[in-house]
Every structure is written in structure tokens, then in C-alpha cells.
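The values are calculated or read from the model by the stated rules, or taken from the named source; none is laboratory data. These numbers were taken from a predicted model, which means no experiment stands behind them. In this analysis, Cβ positions are derived from the backbone assuming ideal geometry, glycine residues included, and neighbour counts consider all displayed protein chains. To get the accessible areas, we keep the full protein, side chains included, count just its heavy atoms, and leave off ligands, DNA and RNA. Shrake-Rupley method; radii C 1.70, N 1.55, O 1.52, S 1.80 Å.
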Amino acid sequence: MRNAFWLAAGVAALALTTGTSSAKSEELTLCWAAWDPANALVELSKEFEEQSGHTMRFEFVPWPNFADRMLNELNSGGQLCDLLIGDSQWIGGGAENGHYVKLNDFFEAEGISMDDFAPATVYAYSTWPKGEPNYYALPAMGDANGWFYRKDWFERPELQEAFQAEYGRPLAEPTTQRELMEVAKFFQGREIDGQTVYGVSIFTERGSEGITMGATGALYAWGFKYENEPGSYDMEGAVNSPEAIEALEFYKELYECCTPPGYTNAYMEQSLDAFKSGQVAMAMNWFAFFPGLYADPNTGGDKIDFFVNPPQNVPASTLGGQGISVVSYSDKQDAALEYIKWFAQPDVQAKWWALGGYSAHNSVLNDPGFVESQPFAGDFLEAMANVQDFWQEPTYAELLLAMQERLHNYIVADQGTAEEALNGLIEDWTEVFEDDGKL
Amino acid sequence: MQVVQQIFENGSFMTNSVITAAAEKTPPSVARKVRGLSDRAIAWIFVAPTIFLLLAINIFPLIWTVRLSFTDYRANRLNREVEWVGLRNYERILTDDGIWMNMQATAHFLVWTIVFQVLIGFALAYLINKKFKGSALWTTIIVLPMMLSPAVVGNFWTFLYQPQIGLINYMVEFFTGIPASSFSMLGSVELAPWAIVIVDTWMWTPFVMLICLAGLRSIPDYIYEAAEIDRASKWRQFWTITIPMVLPFLMLAVLFRGIENFKMFDLVVQLTGGGPGSITELASINLKREAFEKWRTGYSSAYAVILFVTIFGLASIYVKALNKVKAR
């Protein structure tokens, strides 16, 4: 009788175990950039491992090489990644070249609704063609380019007084791009605590996407458009509009007047270093870094505050962030889809935000406590309401590299004028679209 | 000795018996065939695997590249129909101002690195050849830079050139009074092309020095002794003995450095990434961007063919000149 009891218990336990875990335990590889949110995702994914029985491997590549490494992987049909958190601009290539699995049927079967996510993130990270209900990714990490500054310096009475005397207004978070430059000029070369400090650190990097991501912050704020009509590829008068020329001239002036010496090839890391080492009063960077900046023992906490990219003619921010996709070359697609199903759950999204990831789920963003949950949360919401992204065409890499070259030549190498740079950009982009059969 | 001979003979006997047995079992027709192989045929059998590998990994890709250069193929768009575009890729490259800027940047880098490396390398070799006390130690110290990885060299020279904390800028300030943070070696349009020349010269001058040193040490002492007897001055000895006899070695060093620097990629990418703007974007950096970042495979194949023909043509002309110098 006793033996029969233990046998029955064993069978029951076995049945329960097999019932709760999936048919086959897999080792899934998730590929992303190597940065703070990636560490948060590793932490978050432990829960998935416990629940599913699958194990997670992570392939994180430093940002400067991320696009190169991952696009090569996709283009060669590599099986390194089962899941990829790829940049928003890759979605066109990912969809048209068959790198990403289309998720519509899966979403429908699992009851995952794109209405549960912030519309801007669904548009930017998931859909191709743009705005069409064809989903190739789940919004994973909302992000935009924002600003942070030395709040403790801004609050110093002697600096307040000097700024008031010079500009006739209090030293505070800039509310326009022009004000931002004034503040930057005010700090440039100033002695603070016996150290020479500088105005701003901005993106000037040449090799990957840096200077484009930085300069578009000014371009979008002036009202820059890629096309006269969306989808027309008609760029004359839009890309080189008087507003665009003015914005580009502004960014060049900001670079020349107010950045630290030798700041000719700077992106995320250099911007963070300049701020953390107490060199600059203000800096631009992606919201993804803001939790780490706030937690920094030397320049974080009470010493730092954040603001959204200031408008000039219109409120606008450069979009960052990524969606999570299932790679079509993976032979573990079922397990990868399980991960996406798990990740889309509201409670997982809430934990994601708590750990330092930027959830795009409405249940997190619309939570009454969200704005107060972090000092930069309100700015994040404001930024995401007005984000603009670069081209998301399959030829995005060519389009991006052309812009990198034109902008760096004008802004850093001081070659030609802003108008010539933008006219040249239209020529380059026209050639790319002609080669691609779009024009 | 006798024992050894006996063992050898036994071994030989045993071997012969095995061969004989095998030969007896071999059908006459096969045996005839093997016996009928000429030395040339056997040589071909041995060489064939190497030739096959050479064809597979060198010649075939080269031919394939030439073929692709006449198409609009893109390696990242495999579903796209490939079109034959004739000479359009070549025409585009040769009429592209940007490409000519890259070629100019490459020529500037190539010419000045070779000039500096030859002058400094020869001077160092001449000094080291004097065999002073500690010359072996100095030789080791001098050749250290060429043993480092280009990535490492690029990284630490980036720090040396840093305007705020870099040693180079402070040295310039110390000697000239120009404020250290007022200029950026890697960020200035005027200075960046020279900054990369300086780093490559620092790294590869020891290589030229070693080749020159080999040349100097190959000159027999009796030639100088004869010149001394003829009362030739040191200056005349230098121009009529040293230089002509070292010249083939120097030319070889120039050939090696020329080919290497025409293909220069890693060091410059690490230092400037081709910037500021495109001022230091050498041909190979631009080619990599076209091929593996923009994925214009057909276009970049044409670009690679043009670079290959240029290097091959220049190197061939140079080797002929080198042979003439050696024959003198």
C-alpha cells in the first residue's frame, strides 16, 4: 500500500513537471548591444529561465560595432542569434530580406495586441512597410535622445547671478535650442572648483551613426523632414529647407563654441565620460543611460537633472530604442516565440522598467505613478510623444553612411557650407534610391 | 656497427619481401600503370592539392570578383535579381570625386611614410652598425614598436594625441608655448594626415632599419679597406660604396612598405576612423565601407579590381627597376 502511494505520487509529480515546462528545453541566444539595459535584461530573463526551462545565452556587442556585427550575421544567414533586439532602422531590411519572422499570426494566436504598446514605438520598432499592420518585432526598449546637466552648478548663486547679468534670465534648463547654446557658451572655459569646464558634450562620431543621431536632434527641432510627402522620396526642398540649413549651422556652431577640446569623434561613451569626469555642464545621450547616470556616486543623485531635447520651431526628439525580433534562420523559433510571449506580459514589463529597461507597454507608461517613479520618467514620456526616426529603408546603412560623411565633413572638418552638405546629401540619397529601384 | 648493419640488412630484407609480395598480388595492368608514371606525372600528383587550394582560395575569388564588378550584385539582398551593368561601376568609381580624394589621402600617406621610414630607418641602421657598447640592447628597444599589434598602437597613440591629457600636446606646449588644448592632432583637418604618418613611421621604421642593417652588414670590410688605401674620404666611401650596395635592400624595404601602406586599414581606423570628415579615409577604409557597410558588392568589386591592378602594376614596374639595380 505504501509503495503504491509513493508510485502514485511520483507519477503525479512527473505529470505536473511535464505539464508546466515546454516539450523541449532549448538554449536560446539573445543578441543586443552591450550597455546598461542589457545587464537589466539578463537579470529579468532569469525569471523566464525558471518558468520555461529554457536557458538564455546573451551576445552583447559594443555599440560602435553592433550594426556591423549583427547585420553581417543576418546577411550571411547566421544562426548565432535566435532573438535579436535590433535597431529601429533595421526593420525594413529585416522584413524585406527575410531576416525577421513576421509575428502577426503569433500575436493573434497568443492574444498579444499592439494596442497595448505606445503607438510611436509600434510604428517605429515593429511595422514594415511603415504604419502598415505587419509586425516584425515587439517593442522592447523605448528610447530617445535627451539631455542631462549639472544641477548643482546651475544652482550656485554666483553662477546664477553671472548668468542673469549676461543673458537677463535665470540659469535654468533650456527651453529652446538657442537657449541651450547660450547656457553652453556661459559654461565654456569657466573655472569651477579650480577646474576648467566646458559647455556641452554632443555626438560627433564619424564611423557608425553618432553625428547623425546628434545633429538630427537639432534638425528635427527646426522642423526637418526627409520627404515632402511621406513615401514619395521627393527630398528637394525638404532635406535642404531653410530651416534644415539653419539647424545644421546651429549644430556646427554648438560643436565649435562649446565642446571640450579634441571632441571630434565622440559618441555615447565619450559623452558619458565627459559628464562623469566633471568636464561639461550639459550632455546629450540616450535615455537608456539615465538610470546609470542618476545612480553615479560622483555626478548623479542631487547633482544631476534631465531635460527633453529642447524645441526650436517644433518639439521633437531623435528616436532610439529597439524591438525584439525572432531571427528567421534560427532553428529554435518556437522557444524564441515563447520568450516574446513571456516578455509581452504587463507584469514582466513592469519589472523591466523597475530594473532599468524602458518599457513601451501602456500599462507601465500610463500607470499613475510612472512620472514620479524616476526623475527622468516624465521627460521620457514627453520625448516619446514627439520622436522622429531616420530612414528605415532596407538601404538604411547606405543612407546613414552618406549622412555621416556629409555631416562630419561640414561640422567637424569644416568643409563647405550647410547648404552644400544638405544638397550633397540629396544627391547621395537619390543615387541610393535609384539603385534600389525606388526612384 | 656490425649489429646495426645486420639489423639494417634484416630490415631491408623484410621490406623487400613485403614489397615483392605486394607486387606479386598486384594485377599486371595496374602495376604497369604505376610503373609507367613519369617523373613529371608524379610531380603533378604531389603539387596538385596545392594548386587546387590556390585556385580555390585565390584565383577563383579573383575571377569571381572581376565578374561581380560588372554587376549590381548586393550580398545582403540575395532575393534581388542581379543585373549586368557593364562598365558602369568602373565609370562611377573613376568619375567620383570622393574616390579621388581617398586616393590622394592614400598617396599622401604612402609617400610620406616611406620617405620618413627610409630616412630614419637608414640613419638608425647606420648608427647601430657602428657596434658601440650596448648596440644590441638598443636594437632590441628600437624594434619593439613593430612587434605590437596595430590595434594597441592605434589606441595608445589616440591617448598620446588627446588634447587635454595627451603627452604629445604637452610636449608641443613645452617646446613652442602653443597651449596643449588649443589643437587636436586627430581632429584637425591640417594635422590629422600628418598624425597618422607619424604613428606609422614610429611603428614601422624599425622594419626598414633591420633591412638596411642586413644590407650594411653584407658589405665586405675589404672594400672599405681598399677605399682607405686609395685615400677615399668617408663621405666618398658613403656615396660610392655604402649607398650603392645598400640600395637593393632599401628598394626592397620600400616595396614591402609601399604594398603594406597601400592596403593600410587597421591603424588608421583605430586612430581617426577616416576622419575628420573624410580627410584620412584611405582607399582601403573606403572600400571596406562600400563592401561591408553599404553592401554594394558589385561596385566594391570594381573598386577592389582597380586597386589590385594599381598595386600590381606599380609593384611590377618597381620590381623591374629593383632587378636592374641588383644587376648593376
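Mind checking the mean number of beta-carbon atoms from other chains within 10 Å of the Cβ atoms in A:403-415? Intermediate values should be presented prior to the final figure.
Details: counts 0, 4, 8, 2, 1, 7, 7, 1, 2, 7, 9, 4, 5.
Average per residue, whole number: 4.
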**OP:** Mind grabbing the interface size between A and B? I mean buried accessible area, both sides, 1.4 Å probe, in Å² to the nearest hundred.
**Re:** 2400
**OP:** Taking only protein heavy atoms into account and a 1.4 Å probe, give the accessible area per residue of the protein assembly as shown in Å².
**Re:** 48
Original post:
Where the eigenvalues come from the Cα gyration tensor of chain B, what are the semi-axes √(5λ) of the equivalent ellipsoid, largest first, in whole Å?
Top reply: 48, 38, 21
Original post:
Which residues' amide hydrogens lie under 5 Å from the amide hydrogen of A:F307, considering only partners 5 or more residues apart or on another chain, with H built in the peptide plane?
Top reply: A:W147, A:F148
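Assigning unit charges at the beta carbon (Lys, Arg +1; Asp, Glu -1) and nothing else, what dipole magnitude in debye, to the nearest 20, does the protein assembly as shown show about its Cα centre? Please report the intermediate quantities before stating the final value.
On the way: 52 positive and 88 negative charges, 1043 e Å.
With only Lys, Arg, Asp and Glu charged at Cβ, the dipole is about 5000 debye.
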Subject >> Whole-number Å³ per residue for the convex hull built on Cα positions in the stretch A:53-147 >> reply: 137
**OP:** Determine, for each peptide in B:66-75, B:52-61, the mean count of other beta carbons within 10 angstrom over its residues, then list the peptides with the highest first.
**Re:** B:66-75, B:52-61
**OP:** Report A:Y149's accessible area, 1.4 Å probe, all protein chains in place, as a number in Å² to the nearest 10.
**Re:** 20
**OP:** Could you give me the radius of gyration and the Dmax of the stretch A:262-354, taking only the C-alpha atoms into account and expressing both in angstrom?
**Re:** 18.3, 50
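Which of the residue pairs A:K151/A:K351; A:K102/B:K288; A:K46/A:K341; B:K130/B:K234 have a Cα-Cα distance greater than 25 Å in the structure shown?
A:K151/A:K351; A:K102/B:K288
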**OP:** Could you tell me which of B:V309, B:T106, B:F174 has its Cα farthest along the dipole of the stretch B:94-327 towards the positive end, charges placed at Cβ (Lys, Arg +1; Asp, Glu -1), taken about the Cα centre?
**Re:** B:V309
Subject >> Largest to smallest principal axis extent of the C-alpha atoms in the stretch B:208-303, angstrom >> reply: 67, 27, 17
Original post:
What is the helix-to-structure angle for A:177-187, meaning the angle in degrees between its Cα long axis and the longest Cα principal axis of chain A, kept from 0 to 90 and rounded to the nearest 10?
Top reply: 70
Original post:
Within chain B, which DSSP H helices have Cα atoms that stretch 30 Å or more along the helix axis and a mean Kyte-Doolittle hydropathy of at least 0.5?
Top reply: B:97-128, B:192-217, B:297-327
Original post:
Taking a spot 7 Å from the Cα of B:R80 along the direction of its beta carbon, which residues of the stretch A:53-81 have an amide N less than 17 Å from it?
Top reply: A:71-77
**OP:** With N denoting the number of residues in the protein assembly as shown, provide Rg(C-alpha) divided by 2.2 N^0.38 Å, to two decimal places.
**Re:** 1.21
Original post:
Cα convex hull of chain A: how many Å³ per residue?
Top reply: 157
Original post:
Roughly what angle does helix A:63-75 make with the longest principal axis of chain A, taking Cα atoms, 0 to 90 degrees, to the nearest 10?
Top reply: 50
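Would you mind putting A:104-115, A:258-269 in packing order, based on average other-beta-carbon counts within 10 Å, highest first? Write out the running numbers ahead of the final one.
On the way: A:104-115: 13.0, A:258-269: 23.0.
Answer by packing, highest mean first, reads A:258-269, A:104-115.
How big is Rg to Rh over the stretch B:112-223, alpha-carbon atoms, Rh as the Kirkwood inverse-mean-distance radius?
Values: Rg = 16.9 Å, Rh = 15.7 Å.
Looking at the stretch B:112-223, the ratio lands at 1.07.
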**OP:** Between B:L54 and B:D230, with labels modelled 7 Å along Cα→Cβ, what's the label distance in nm to one decimal, could you check?
**Re:** 4.4
Original post:
Relative to the Cα centre, what is the charge dipole magnitude of the stretch B:94-327, using +1 at the beta carbon of each Lys and Arg, -1 at the beta carbon of each Asp and Glu, and rounding to the nearest 20 debye?
Top reply: 700
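To the nearest whole number, what is the average tally of beta carbon atoms from other chains within 10 Å of the beta carbons of peptide B:178-189?
3
Which value in deg cm²/dmol, rounded to the nearest 500, describes the helix-derived mean residue ellipticity at 222 nm for the protein assembly as shown, given -39,500 (n - 2.57) per DSSP H run of n ≥ 4 and division by the residue count?
On the way: 36 runs with 447 residues, N = 767.
Theoretical 222 nm ellipticity from helices: -18500 deg cm²/dmol.
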Subject >> On Cα atoms only, tilt of A:333-343 relative to the major axis of chain A in degrees >> reply: 60
Original post:
Of A:K225/A:K252; B:K133/B:K326; A:K332/A:K438, which sit over 27 Å apart, Cα to Cα?
Top reply: B:K133/B:K326; A:K332/A:K438
**OP:** Consider just the alpha-carbon atoms of the stretch A:345-396 and return their Rg together with their Dmax, both in angstrom.
**Re:** 13.3, 41
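Taking 22 Å as R0, compute the FRET efficiency from the Cβ-Cβ separation of A:S373 and A:S277 and round it to 0.05. Could you put the intermediate results ahead of the total?
Working: r = 29 Å, r/R0 = 1.30.
According to the calculation, E is roughly 0.15.
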Subject >> Cβ-based charge dipole, chain B, positive-most Cα from B:L267, B:W239, B:I42 >> reply: B:I42
